[in-house]
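This report concerns only the one structure given below.
Taken together, the values in this text are just the output of simple stated rules run on the coordinates, not laboratory data. What you see is a predicted model, and the numbers here were worked out from it, not measured in a lab. Counting neighbours? That spans all protein chains shown, and the Cβs are built from the backbone with ideal geometry, glycine included.
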Amino acid sequence: MKKKKRFLTSPIKQKMLILLASGVALGLTRSPRSQRYILRAVPKILRQINRDYLHRLMANFRENRLVDYKEEEDGNITVTLSELGQKQVLKFKLDEMTIKTPWRWDKKWRLVIFDIPEKHKLARESLRAKLKDLGFRELQHSVWVYPHDCEAEINFIVEVFDIRPYVRLIEALKITDEASLLLHFDLNK
């Protein structure tokens, strides 16, 4: 498992998986004419990658079950993202996630509360770490607060960690001891 984690730490490898997820089809044909046609259609990032490296990278992706190969009638090979590859792409997007801060606070608090069973301990700890990373403040062990709209982000996190039944998002107008939160989030009343 550690080998797979190290394998996907390269930014180029991550970008390749994301490009595959966004619908970029890579043709691994040996025909120069077909290669030129395909390379005209792909983003600049792919043009900068050495073709031999690209072939090795796709072989490694296939070995790690991140992509599936399908041979076409004309001899071209179409590479598509496998289910495991799609999950990996979601993790990359999760790592890049931020919550946009509006210029004016709407005076509502967002509370994320959860009671995640022990059998999902890793997901629970990952959720806590991500909430902290996003700037949430812990009120209690499984209650976190944030002053701005974050429903879409929380829904995405819950789906990635597959913990929907255990997590709730609440909007509140007032919280006791709000002054410390206002100071923490640097909000002027």
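The ranking of Ile154, Ile116 by Cβ neighbour count inside 10 Å, starting from the fewest, reads Ile116, Ile154.
In sequence order, region 126-141 has phi-based couplings of 5, 4, 4, 4, 5, 4, 5, 4, 7, x, 5, 10, 7, 8, 9, 4 Hz under the Karplus curve 6.51 cos²θ - 1.76 cosθ + 1.60, θ = phi - 60°, and Gly or Pro positions carry x. For region 97-184, the calculated P(r), taken from all Cα-Cα distances in 5 Å bins from zero up to the bin holding the longest distance, is 3, 13, 27, 26, 17, 9, 4, 1, 0 percent.
Under 12 Å from the Cα of Lys108, which aspartates and glutamates turn up, not counting those fewer than eight places away in the same chain? Reachable aspartates and glutamates: Asp149, Glu171, Glu178. With a threshold of 30 Å on the Cα-Cα distance, the over-threshold entries among Lys70/Lys121; Lys87/Lys174; Lys132/Lys174 are Lys70/Lys121; Lys87/Lys174.
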